[in-house]
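A quick write-up on the structure given underneath.
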Amino acid sequence: ADARRYRDYCEDRFGYRPWSWFLDPGFTCVFLHRVAHACDAAGWRKLGRLVMQCNSVVTGADLVPRSRFGPGLLIPHPCGVSLSCVS
């Protein structure tokens, strides 16, 4: 759902779907958060924290691994974004 929403966003923004949409920092930060969250949920908290730190360095987004975001998360400009929530 994240990838589909981001591809639709790119298509609306540019008028076409770029071939490198998956390398955009907006999608990369959401993907890395999903990996960090999965590691944290599996009990690998230190690995989840490491992936979160890599996400922060690579994309500039600070998304806590314990946060649960629904499907279709869209962060168009991740630099300086800090999100933390648990529902």
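Estimated purely from DSSP H runs of n ≥ 4, each contributing -39500 (n - 2.57), the mean residue ellipticity at 222 nm for the chain is -17000 deg cm²/dmol once divided by its residues.
How much net charge surrounds SER84 when only the other residues with a Cβ under 11 Å from the Cβ of SER84 are counted, with Lys and Arg +1 and Asp and Glu -1? Net charge around SER84: +1. The local environment of PRO71, defined by Cβ-Cβ distances under 13 Å, has a net charge of +3 under the rule Lys, Arg +1 and Asp, Glu -1. Net charge of the neighbourhood of TYR9, taken over other residues with C-beta under 14 Å away and scored Lys/Arg +1, Asp/Glu -1, is 0. Taking every C-alpha pair closer than 8 Å and separated by at least 6 residues, the mean separation divided by the residue count of the chain gives a relative contact order of 31 percent.
Select one label from (1) 28; (2) 56; (3) 37: the one whose number is percent of Cα pairs over 21 Å apart as derived from the coordinates shown. Structure-derived value, by its label: (1). Remark on GLY72: its backbone amide H falls under 5 Å from those of ASP2, a criterion applied only to residues 5 or more positions apart or on other chains, H modelled at 1.01 Å from N.
Sequentially through the range 23-35, phi angles give Karplus couplings (6.51, -1.76, 1.60; θ = phi - 60°) of 9, 5, x, x, 6, 4, 5, 5, 4, 5, 5, 4, 5 Hz, Gly and Pro residues having no value and appearing as x.
Every number in this text was worked out from the coordinates using simple rules, so none of it is lab data. This is a predicted model, so every value here is computed, not measured. Methodologically, a virtual Cβ is constructed for each residue, glycine included, from the backbone with ideal geometry; neighbour enumeration extends over all protein chains shown.
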